[in-house]
Structure formats: structure tokens, C-alpha cells
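Visitor: Here's a structure for you.
The values are calculated or read from the model by the stated rules, or taken from the named source; none is laboratory data. All of these numbers come straight from a predicted model, not from anything done at the bench. Glycine also receives a Cβ, built like all others from the backbone with ideal geometry; neighbour counts cover every protein chain displayed.
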Amino acid sequence: MTSTNLEMGLWIALIAACVGTYICRALGVKLAGHIDQESEIFRWLSAVTYAMVAALTIRLIAMPTGLLATVPLLVRLFVCVLSVAVMVSSPTKRLVPALLTGTALLLAYGVFT
């Protein structure tokens with residue numbers, strides 16, 4: 001296979017991936033107005049989504065990979081508890097302060113140890 005054919009194949013693959021992605025997004029936008037958010041299927045999908053996020057979060061805390069694996073489990077749990085406390089303490093605008101708390105605490109741990 002020549003370099004030109006390989007390059008052309010890569011461009012075709014990129015275009016096909018973009019078309020596939022945007023077709024799915026366009027269908028989602030088109031169908032979004034017809035979905036009843038109180039239906040059982042929508043509630044089930046929401047529950048599955050929250051369960052997956054919770055499972056991935058627990059996995060990140062309990063069994064991290066990479067640089068986070070060098071942080072002791074008790075420190076990771078402490079940072080998690082403090083971040084959740086920040087999130088619970090303020091009824092409005094709570095996600096960003098909680099994320100900043102966790103990030104700042106882990107960054108401080110990395111700098112001072």
C-alpha cells in the first residue's frame with residue numbers, strides 16, 4: 001500500500017466517523033422533543049446512567065491507575081468526604097466548589113509530600 005492510498009484511507013475513515021457521529025447526534029436532537037421524561041424507560045435510563053457514574057467514581061477512589069494510585073487510600077477517601085461535604089453544604093452552585101475542593105486538596109497533597 002502506498003503512502004497516498006494510506007493517507008486517503010485515513011481521510012475516508014475520519015469522514016465516516018464524523019458522519020456517523022453527527023447522524024446520531026441529529027437523531028438525538030430530532031427525537032428529544034418526543035420523549036416523555038416521566039416515562040418508565042426514561043427513568044430506567046437515568047437510573048442506569050447514575051449507577052454507572054457512581055460505579056466509575058468508586059472504582060477511581062478504590063482502585064485508581066496512574067498517578068492517583070500513588071496517593072494512599074485514606075487520603076483519597078478524606079478528599080472524597082470533604083468534597084461531598086462541600087457539595088451538600090450549599091444548596092445552590094455546589095458542583096464547581098466541590099470539584100475545586102477535591103482538586104485543590106489532591107494538588108496540595110502532591111506538592112507537600
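Visitor: Got a number for residues in segment 25-43 being out of contact with any helix residue (DSSP H, G or I) (no Cβ under 7 Å at 6 or more places or on another chain) and loosely packed, with under 10 Cβ neighbours inside 10 Å?
Guide: Final tally of qualifying residues: 10.
Visitor: Show the residue pairs that are 6+ apart or on different chains and have beta-carbon atoms under 8 Å apart, the first residue being within segment 53-75 and in a helix (DSSP H, G or I), the second being of a type in the set (Phe, Trp, Tyr).
Guide: Val75/Tyr109
Visitor: While we're here: Can you pull out the residues in segment 75-113 that are surrounded by 12 or more Cβ atoms within 10 Å (Cβ to Cβ) and basic (Lys, Arg)?
Guide: Result: Arg76, Arg94.
Visitor: Please identify the pairs in which a residue from segment 80-97 that is more than 19 Å from Ala62 (Cα to Cα) has its Cβ atom under 6 Å from the Cβ atom of a residue that is basic (Lys, Arg), counting only partners at least 6 apart or on another chain.
Guide: Listed by first residue and then by second, the contacts come to Met87/Arg94.
Visitor: Which count do you get for residues in segment 79-113 that are on the phi > 0 side of the Ramachandran plot and at pLDDT 95 or above? Outline the logic, then answer.
Guide: Our first condition is that a residue be on the phi > 0 side of the Ramachandran plot; within segment 79-113, this holds for 93.
Of the ones still in play, those that are also at pLDDT 95 or above are none.
Adding up the residues that qualify gives 0.
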